[in-house]
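Only one structure is covered here, and it is reproduced in the block below.
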Amino acid sequence: MYFRAFTLCLEFYILYYGVVASENQCKIKDLVADCSHLKLSNIPSDLPVNITVLNLSHNQLKSLPASVLSTYNQLRALDSGYNVITKIDENLCKALPFLHMLGLEHNQLSHLSVHYFPYCSNLTELYLQFNRIKEITGDPFKSLQELMVLDVSHNKLVSGKLGTQLQLEKLQRLALSANKITQLRNNDFDFLKNTTLYQLDLSSNKLTEFEPNCFHTLGSLHVLVLDNVLLHPNATEQLSQALSGTDIIELSLRNTHLKIQANTFAGLNKTNLISLDLSNNKLTTLQGNPFQWLHDLENLYLENNSISHISRKTFAGLENLKCLNLKKGLRGQGSQPDAESLIDDYSFQGLKNLVQLNLEDNSIAGIRAHTFSGLTSLKYLSLYNCLVDLKTVRNETFVSLAESPLVNLNLTKTKISKLQHGAFSWFKKLKKLDIGLNSIAQTLTGEEFRGLNEVEEIYLSYNSKLILISSSFVHVPSMKVLMLSKSNIVSLNSQPSPFDPLQNLTVLDLSNNNLANLDKDVFRELRQLQVLKLQHNNLARLWKGINPGGPVLYLNSMTELQMLDLQSNGLDELPEKAFQGLYKLSVLDLSSNNLNILPGVVFNDLQSLKLLHMQKNLITSVEKDVFNQAFNNLTALYMGFNPFDCTCESISWFVTWLNKTNSSIPDLKSQYICNTPPSYHNRTVVAFDISPCKDVAPFAGAFIISSSFILGIIFTVFLIQFQGWRLEFYWNFSVNRIFGFREIDHQEIQFEYDAYIIHAKNDIDWVNNYLLPLEQHDQTMFQFCLEERDSEVGISELESIVRSISQSRKIIFVMTQELLKDPWCRRFKVHQAMQQAIQQSRDAIILIFLHDIPDYKLHQMLCLRRGMFKSHCILAWPAQHERIPAFHQKLKVALGSSNQVQ
């Protein structure tokens, strides 16, 4: 009993935590939950409830229970393909009212019931392909009023009849391919009479019979796909008749083993067919005039056939044809794979509106004087890899295209070995000429391109040997793209440069040549050039310091350059001005060279650099002085496979940058490996410990800051010590000059004197010499009360002193040793002055120390302390004569200060 209970608990534990683990593995991004490939047997229940897309494909689900899915009632799309679902919950769409897409492909549904989709009125896409559906009971799609795409391909249906009542009014695409349908009856598609069906796919069925009106109920059918259906001649004619009078515009009959006869497409005469695809049918002949019935046809695809002969009648009646694709469609009658097919003169004469002709990968007997005559609208002609005996392109080679307004001519891989003068002179409107992958070996004099007045792109890559001279491109100044890759161009040292006429050039490819010599002005006139490819050349010598005449700076004139490729050039040295002026360069490739030590300013002008490739060099040190500007705006850096020296001096700054940057560094942990020292050999660069480097790198800055701070403090102390009085003097002078000396005292009484002077008798001379002159000052004009001079006559001395003190705004004590010893001053004057100041709540005392008197003695003799008074009201007589003006300035400030007690 206990064992059974334990077993049940264990099973529950495994089941529960297995499901939870699966749920937790779902990838949630925004409102999309991806739970595919998790071997789930149940739908996760802990996903965000507001998801709108749920992917449950490639699991082991047996059903889609509405009770569980109701948690996610905001779903718009549910993909449950690649499971083992055998039936659909009737309430599925009831639980998911907003569902628009339901994927049930690759499951095990064997039939469709009316109970499967009764509430799916908002569904627009339903995918049921790759199931085992044999029969359809009733009308399972009747409720799908908004359905636009229905795919029931790759099942076991024997009929296209999917319902008995009118339904699926908005259906646009119906896929019935790869079923077991053998015939289409007249009433098979009656259930779609009111439908706007656009495309019907019946490919890969074994159709042998088409009843005359089987498509007529599909009045709006535009596209019919019957690929991979084996059509015998009678079935093809039946199909044409069945489509007669319909709205069909595209018909695909690829790989149907079609046999075309004169009346094969006669039934399509009453249609507006625009596109017909007959590719992959192994057609060998086109008897008579098979396309005479298709007057509205615009696109005809005959790709991958074996047609041996094109005559004047072959395309007769296709006067509206615009695109003819014969790629791999022509083959001669011989047994050899490269047997030549024959194109008669004037074979295309009736195709007055043909714009595009594709003859790629064919073997043609030759191009004669009237092979392409009559193509008066042709703009695109491709003879890529066409085995045609061109060899030397003469002026008369393409005379049959003289009336064609060609804009694109592709002659790639046509075994051209020489271009004669005026070879392309007929093509006044040509924009793009591709003659790459040939065997051209000659000096281009420029006459080969005479007449190409509007050409913008010329592809000359992969030829035997091209020699460029000053006049090579003199007749094509409109060119914007020039491709000269792998054409054995050894030198570009001619003057003037062959590129001088190409002032509109934006792309130049000189890669994979053996270039070893460039003139410094070779690109001088290419001021609009944006892309320059020089990879896989031998340009190392040009930038060496020991090069005769110094480094050849051939890039400096290209201010618009955005992409530069110098990969695999053997570069082991970069001059300081190699990239000077390349302010717009965004992609620089220096990979697979031998670079090690770089000048500190070499990348300074690369302000717009986004991608830098420097992998596979000999770089050991990545220093801030060199790479800081280059790394400043990088989107991606490729610097792997370098022998990094993992020391503080070499990569400390680089490792710090790697840890902070938002740039992409692909394969950082696998390609950025330390080579030295031995302690870091074969370890990744990001594992380098930069903490010991912090004592070196940041210390210098900290030392400078702290030293500057200490020196500043010392300088300030000395300045205050020796020149503080002067600074204070000028400060007080400036302030008082602007605002005056006298502070505002609200409700202050009017005084007769500015100050009453209390002094010892022996100090009268000092008072007369240094205080009384302030009364004569032209700006301030202070009025002092001096006992010897201003005492009132007729009253007692005591009364005179009391009255004079009360009539004075301030009271000045001239503090000397004599004052401390003078009993009259000590016992009465000082006492009386303090008494009045206290009674009137006035802060009016000013102390002027002529002698250095300690505070304890001041308190002992006069019951005063310095702390009782404002600091600016305690003045010391200076020992230096030059400081006397500063003393007077302080005294004026004290005399003008407020009397209000703070």
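Criterion applied to Ser341, Ser377 was being assigned by TED's automatic domain parsing to the domain that holds Ser275 and buried (at least 20 other Cβ atoms within 10 Å of the Cβ), and the one residue passing it is Ser341.
Residues being more than 51 Å from the chain's Cα centre (by Cα), assigned to a loop (DSSP other than H, G, I, E, B) and buried (at least 18 other Cβ atoms within 10 Å of the Cβ) are entirely absent from the stretch 268-285. Within the stretch 591-648, being in a helix (DSSP H, G or I) and surrounded by fewer than 17 Cβ atoms within 10 Å (Cβ to Cβ) holds for Lys624, Asp625, Asn628.
When Leu598, Leu618 are screened for being closer than 27 Å to Gly545 by Cβ and modelled with pLDDT of 95 or more, only Leu618 passes.
Residue-level analysis places Ala844 among those that are more than 60 Å from the chain's Cα centre (by Cα) and under 24 Å from Tyr753 (Cα atoms).
May I ask you to say which residue of Thr271, Thr217, Thr264 is modelled with pLDDT under 95, among the β-branched types (Val, Ile, Thr) and touching an Asp or Glu at 6+ places or on another chain (Cβ under 6 Å)? Selected residue: Thr217, the only one of Thr271, Thr217, Thr264 that is modelled with pLDDT under 95, among the β-branched types (Val, Ile, Thr) and touching an Asp or Glu at 6+ places or on another chain (Cβ under 6 Å).
The condition of being in contact with a Ser or Thr (Cβ under 9 Å, 6 or more places away or on another chain) and without any contact (Cβ under 8 Å) to a residue 40 or more places away in the chain holds for only one of Leu539, Leu555, Leu508, Leu534, that being Leu534.
From the list Ile489, Ile546, the lone residue that is among the hydrophobic types (A, V, I, L, M, F, W, C) and either out of contact with any strand residue (DSSP E or B) (no Cβ under 9 Å at 6 or more places or on another chain) or closer than 15 Å to Leu566 by Cα (or both) is Ile546.
From the list Lys890, Lys829, Lys810, Lys857, pick out the single residue that is of a type in the set (Lys, Arg), at pLDDT 75 or above and surrounded by fewer than 17 Cβ atoms within 10 Å (Cβ to Cβ). When all the criteria are applied, what remains is Lys857. Annotation: Leu505 fulfils all but one of (1) at pLDDT below 95; (2) farther than 26 Å from Leu634 by Cβ; (3) part of a loop (DSSP other than H, G, I, E, B); the unmet one is (1).
Flag: Tyr119 matches the condition of being of a type in the set (Ser, Thr, Tyr) and surrounded by fewer than 18 Cβ atoms within 10 Å (Cβ to Cβ). Among residues belonging to the stretch 149-162 that are surrounded by fewer than 18 Cβ atoms within 10 Å (Cβ to Cβ) and of a type outside the set (D, E, K, R), point out the one that is modelled with the highest pLDDT. Looking at the filtered set, the residue picked out is Val149. Checked across the stretch 875-893, the condition of being acidic (Asp, Glu), over 19 Å from Phe782 (Cβ atoms) and assigned to a loop (DSSP other than H, G, I, E, B) holds for no residue.
Between residues in the stretch 879-898 that are β-branched (Val, Ile, Thr) and residues that are not in a loop (DSSP other than H, G, I, E, B), which pairs lie under 9 Å by C-beta distance while being six or more apart or on different chains? From the stretch 879-898, the pairs are Ile884/Tyr770; Val893/Asn732; Val893/Val735; Val893/Asn736; Val893/His872. With respect to the conditions (1) closer than 21 Å to Arg541 by Cα; (2) touching a Lys or Arg at 6+ places or on another chain (Cβ under 6 Å); (3) modelled with pLDDT of 95 or more, Asn488 falls short on a single one, namely (3). Annotation note: Cβ proximity below 6 Å between a residue of the stretch 756-769 that is in the same structural domain as Ile845 (by TED's automatic domain parsing) and in a helix (DSSP H, G or I) and a residue that is of a type outside the set (Val, Ile, Thr) and surrounded by 13 or more Cβ atoms within 10 Å (Cβ to Cβ) (sequence gap 6+ or interchain) occurs for Asn762/Glu818; Val767/His759.
Please indicate, with yes or no, whether at least one residue in the stretch 670-680 is more than 29 Å from Ala540 (Cβ to Cβ) and either in contact with a Ser or Thr (Cβ under 6 Å, 6 or more places away or on another chain) or surrounded by 13 or more Cβ atoms within 10 Å (Cβ to Cβ) (or both). The answer is yes; a qualifying residue exists.
Rundown of residues vs (1) of a type outside the set (S, T, N, Q); (2) at pLDDT 90 or above, yes/no style:
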{"position": "Leu634", "(1), (2)": "yes, yes"}
{"position": "Asn642", "(1), (2)": "no, yes"}
{"position": "Thr656", "(1), (2)": "no, yes"}
{"position": "Asn659", "(1), (2)": "no, yes"}
{"position": "Cys674", "(1), (2)": "yes, yes"}
{"position": "Pro692", "(1), (2)": "yes, no"}
{"position": "Asp695", "(1), (2)": "yes, no"}
{"position": "Ala700", "(1), (2)": "yes, no"}
{"position": "Phe703", "(1), (2)": "yes, no"}
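For the stretch 469-486, a residue qualifies if it is within 22 Å of Phe427 (Cβ to Cβ) and in contact with a strand residue (DSSP E or B) (Cβ under 8 Å, 6 or more places away or on another chain), and the qualifying residues are Ser472, Phe473, Val476, Met479, Lys480, Val481, Leu482, Met483, Leu484.
Evaluate the stretch 557-566: report whether one residue or more is farther than 26 Å from Leu611 by Cβ, assigned to a loop (DSSP other than H, G, I, E, B) and at pLDDT below 95. Checked the stretch 557-566: no residue is farther than 26 Å from Leu611 by Cβ, assigned to a loop (DSSP other than H, G, I, E, B) and at pLDDT below 95. Of all residues in the stretch 342-364, none satisfies the criterion of being at pLDDT 95 or above and more than 22 Å from Glu298 (Cβ to Cβ). Candidates in the stretch 223-234 are the residues that are modelled with pLDDT of 90 or more and not polar (S, T, N, Q); of these, the one that is farthest from the chain's Cα centre (by Cα) is Leu231. Restricting the stretch 658-692 to residues that are within 20 Å of the chain's Cα centre (by Cα) and part of a helix (DSSP H, G or I) leaves a set whose member that is farthest from Val622 (Cα to Cα) is Lys660. Report yes if Glu560 is crowded, with 16+ Cβ neighbours inside 10 Å, on the phi < 0 side of the Ramachandran plot and not hydrophobic (A, V, I, L, M, F, W, C), otherwise no. Against the criterion (crowded, with 16+ Cβ neighbours inside 10 Å, on the phi < 0 side of the Ramachandran plot and not hydrophobic (A, V, I, L, M, F, W, C)), Glu560 does not qualify.
The values are calculated or read from the model by the stated rules, or taken from the named source; none is laboratory data. None of these values were measured; they are calculated from a predicted model. As a convention, Cβ positions derive from the backbone with ideal geometry for all residues, glycine included, and neighbour counts pool all protein chains shown.
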